[in-house]
Amino acid sequence: MRHILLFLLLSVTAAASTLSAAENEKNILRFSASSTWPMPYGQIKDGVLVDGFMLDIANAISKEMGLEPQIIVLPRNRTEQGALSGAYDIRCHLTKKWVPDPDLFIWSEPLFVFSTIVIGHKGTPRVKKLSDLNGKTLGTVLGYSYPALNEAIDQGKIIRDDTENQTAAYQKVGVGNNLYAVTDELSFEYYLKTSGKRLQFAKWQLELSSDVSHCAILKKSKVDPMQINKAIQRLKRDGTIDKILARYR
């Protein structure tokens with residue numbers, strides 16, 4: 001009899017734990033973060049997103065929905081795999097041309113505009129068009145896709161030199177190990193403002209493309225994707241997201 005009572009007690013406890021875990025999961029909104037994000041997008045320390053406007057946006061969306069944010073930091077080349085496995089609910093700072101299957105997601109309205117640019121080491125001649133880089137090595141980030149450069153890279157006209165993250169690419173150009181790198185204007189301006197190394201870089205920039213950044217919500221999200229999208233719409237339209245971005249500019 002004692003063994004039966006013990007078994008029943010353990011069974012009830014296990015069932016309660018399962019229900020509690022399932023209930024907690026309903027109160028969590030899971031965000032994907034890239035381990036290669038530079039500031040002001042994000043700062044990763046020991047595998048944790050600790051700063052940047054993507055953290056602030058994640059917190060704002062979660063608060064708007066009355067949920068707790070869970071930030072899942074992934075290497076850039078594993079974020080697509082994470083989408084297929086349902087490892088997260090939402091991924092922000094994305095464009096449709098960066099992902100192999102945009103139909104996996106519901107796309108938010110545009111959050112902000114950003115430009116992809118080529119930068120150079122101080123003293124390098126101005127690059128006026130993409131063909132000026134033929135035969136040159138261009139600092140890039142491992143796992144990043146550069147649609148404006150893909151054809152030239154595939155044809156061997158431009159050589160990629162992958163670094164672990166964007167800051168490392170800046171550093172290589174700054175000291176002259178690479179004469180050129182590709183980046184986006186927001187992160188480059190933030191780096192110049194906070195590093196004090198503006199004089200290491202050429203004053204010119206070549207704009208390759210101008211794009212709009214979205215949040216992409218997995219259609220198989222554990223949280224209703226339409227409700228997530230409506231929360232983002234409210235935050236965009238009441239000025240919350242613009243105020244977050246303004247703090248980092």
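Below, the figures for the structure above:
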item: Per-region count, the range 96-116, residues under 26 Å from Lys243 (Cβ atoms) and aliphatic (A, V, I, L, M); result: 3
item: Checklist (1) touching a strand residue (DSSP E or B) at 6+ places or on another chain (Cβ under 9 Å); (2) more than 25 Å from Lys122 (Cα to Cα); (3) outside the structural domain of Phe53 (by TED's automatic domain parsing) applied to Ile228, failing item; result: (3)
item: Filter pass, Leu199 being farther than 23 Å from Ser115 by Cβ and among the hydrophobic types (A, V, I, L, M, F, W, C); result: no
item: Residue match in the range 214-222 (condition: assigned to a helix (DSSP H, G or I) and not charged (D, E, K, R)); result: no
item: Residue within the range 188-211 that is in a loop (DSSP other than H, G, I, E, B), closer than 30 Å to Asp89 by Cβ and at pLDDT 95 or above present; result: no
item: Scan of the range 225-249 for residues that are surrounded by 14 or more Cβ atoms within 10 Å (Cβ to Cβ) and not in a helix (DSSP H, G or I), ordered by number; result: Tyr248
item: Residue ID - farthest from Gly239 (Cα to Cα), chosen from residues in the range 96-126 that are at pLDDT 95 or above, of a type in the set (Val, Ile, Thr) and surrounded by 14 or more Cβ atoms within 10 Å (Cβ to Cβ); result: Thr124
item: Meets criteria (among the polar types (S, T, N, Q) and either at pLDDT 95 or above or over 30 Å from Pro69 (Cα atoms) (or both)) for Gln155; result: yes
item: Residue count, the range 145-182 (criterion: surrounded by fewer than 19 Cβ atoms within 10 Å (Cβ to Cβ), in a loop (DSSP other than H, G, I, E, B) and free of Cβ contacts under 8 Å to residues at least 60 places away in the same chain); result: 7
item: Tabulated pairs, the range 78-99, first in the same structural domain as Gln227 (by TED's automatic domain parsing) and among the aromatic types (Phe, Trp, Tyr), second in a helix (DSSP H, G or I) and at pLDDT below 85, C-beta under 6 angstrom, 6+ apart or interchain; result: Tyr88/Gly82
item: Count of the range 45-61 residues which are buried (at least 21 other Cβ atoms within 10 Å of the Cβ) and without any contact (Cβ under 8 Å) to a residue 40 or more places away in the chain; result: 4
item: Unique residue being in contact with a Pro (Cβ under 6 Å, 6 or more places away or on another chain) and touching a residue at least 40 places away in the same chain (Cβ under 8 Å) when the list is Ile106, Ile72; result: Ile106
item: Subset of the range 71-95 that is within 12 Å of Phe31 (Cβ to Cβ) and assigned to a loop (DSSP other than H, G, I, E, B) - its residue that is modelled with the lowest pLDDT; result: Ala87
item: Hey, Ser62 at pLDDT 80 or above and over 11 Å from the mean Cα position of the chain (by Cα) or not; result: yes
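The values are calculated or read from the model by the stated rules, or taken from the named source; none is laboratory data. Since the model is a prediction, treat every value here as computed from it, not as a measurement. Positions of Cβ are backbone-derived with ideal geometry, glycine not excepted, and every protein chain shown enters the neighbour counts.
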